[in-house]
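The values are calculated or read from the model by the stated rules, or taken from the named source; none is laboratory data. Predicted, not measured: the structure shown is a model, and the values here were computed from it. Quick reminder, even Gly has a Cβ in these numbers, built from the backbone with ideal geometry, and neighbours come from all protein chains shown.
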Ligand code: OKP
Ligand code: ZN
């Protein structure tokens, strides 16, 4: 299986995040991608290729023009305002406040286009996020051209990013961009299975009213875990998308034994839907030693995960999402890929 990766994705290098009432060291850091790349090479998964350029169109097929413009021009405004460090939003237009018209002040814009205070923007965030999206597109293109599978080593991740907001370490929704690109290049149905520990709220929202993209997500119960405000079992799609979203919230402490039963359930939905392509939002944060997550996968369980995904029998694009136990991240990720290839 080919891996797609670009060094540009390393240029987004947050120093801190706001969590637990503190300014803490960031966890979504460049070494995550570096260790996965190293393990891919050491274990001989396959060639590592650079992303192709796709221009600005595919990202703008998913994201609002004003949001893309905001991210693209952000650092100029921020540094122009005399700000030196990375940027954190701190005020949001919730409920009785108005998102539109968008404010002119950079602090207002930060809140207008974000969902949390845990996701700093730095000088190179836009170019890294763009490269990450192009990595996803290139992996999709490889599968579109006939490969059984491909791995987009995306970073920053994407599944929390919505049409016009960033958050949860995500800026552009790589899986959504890849799914839409496949639709625009001949696919009739695309399924996205999100196995990250956190619910993929951005991906769900983007496709909530559509039947041509099936969204399935297995994740920690949002009553107990980030993103807190989406990912419940009763969210099943709306309008034309009714029935084409499915969520399996699971309790903190869930092991592979329980998870795999639910995965079988999700696989049955895939078999019924018969997608032309499957995109796996591949979070590795269900790992027992993940520093911010609460499921209990062992490293070997990721191999079984990959094997079960292969039984679905559909050309598959793996796109990395979360996973923060940096030392084990390469092993866990490559276990999925090898489990798939051996299955
Ligand atoms: C991104 B992805 C920890 C706070 C963590 C944000 C989690 C984002 C996860 N105290 N908050 O889905 O892995
Ligand atoms: Zn996650």
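The residue pairs whose first member lies in the range 1-18 and is modelled with pLDDT under 95, whose second member is surrounded by 21 or more Cβ atoms within 10 Å (Cβ to Cβ) and assigned to a loop (DSSP other than H, G, I, E, B), and whose beta carbons are closer than 8 Å, counting only pairs six or more residues apart or on different chains, are 18/118.
Got a number for residues in the range 269-297 being surrounded by fewer than 20 Cβ atoms within 10 Å (Cβ to Cβ), out of contact with any helix residue (DSSP H, G or I) (no Cβ under 7 Å at 6 or more places or on another chain) and over 21 Å from residue 149 (Cβ atoms)? So the answer is 6.
Each row is one residue, and each column tells you yes or no for (1) within 29 Å of residue 11 (Cβ to Cβ); (2) touching a strand residue (DSSP E or B) at 6+ places or on another chain (Cβ under 9 Å); (3) touching a residue at least 60 places away in the same chain (Cβ under 8 Å); (4) within 16 Å of ligand 2 (Cβ to nearest atom).
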residue	(1), (2), (3), (4)
181	yes, no, yes, no
189	no, yes, yes, no
212	no, yes, no, no
227	yes, yes, yes, yes
233	no, yes, no, no
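Of the residues 6, 50, 19, the single one that is surrounded by fewer than 20 Cβ atoms within 10 Å (Cβ to Cβ) and either farther than 20 Å from residue 168 by Cα or in contact with a helix residue (DSSP H, G or I) (Cβ under 7 Å, 6 or more places away or on another chain) (or both) is 50.
With 161, 133 as the choices, which residue is surrounded by 24 or more Cβ atoms within 10 Å (Cβ to Cβ), within 18 Å of residue 183 (Cα to Cα) and under 21 Å from the mean Cα position of the chain (by Cα)?
It is 133.
Okay, residues lined up against (1) under 18 Å from the mean Cα position of the chain (by Cα); (2) part of a loop (DSSP other than H, G, I, E, B):
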site: 140; (1), (2): yes, no
site: 147; (1), (2): no, yes
site: 150; (1), (2): yes, no
site: 175; (1), (2): yes, no
site: 219; (1), (2): yes, no
site: 227; (1), (2): yes, yes
site: 236; (1), (2): no, yes
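Only a single criterion out of (1) crowded, with 16+ Cβ neighbours inside 10 Å; (2) more than 16 Å from ligand 2 (Cβ to nearest atom); (3) farther than 14 Å from residue 218 by Cα is not satisfied by residue 300, namely (1).
Mind checking which residues of the range 197-209 are assigned to a loop (DSSP other than H, G, I, E, B) and either within 14 Å of ligand 1 (Cβ to nearest atom) or buried (at least 19 other Cβ atoms within 10 Å of the Cβ) (or both)? Break it down into steps so the answer makes sense when it comes.
Going through the range 197-209, the residues assigned to a loop (DSSP other than H, G, I, E, B) turn out to be 197-200, 207-209.
Within the range 197-209, 197, 198, 199, 200, 207, 208 meet the criteria.
In the range 261-275, the condition of being in contact (Cβ under 8 Å) with a residue 40 or more places away in the chain and either within 16 Å of ligand 2 (Cβ to nearest atom) or assigned to a loop (DSSP other than H, G, I, E, B) (or both) is met by at least one residue. Among the residues making up the range 306-335, those that are part of a helix (DSSP H, G or I), surrounded by 24 or more Cβ atoms within 10 Å (Cβ to Cβ) and within 16 Å of ligand 1 (Cβ to nearest atom) are 329, 332, 333.
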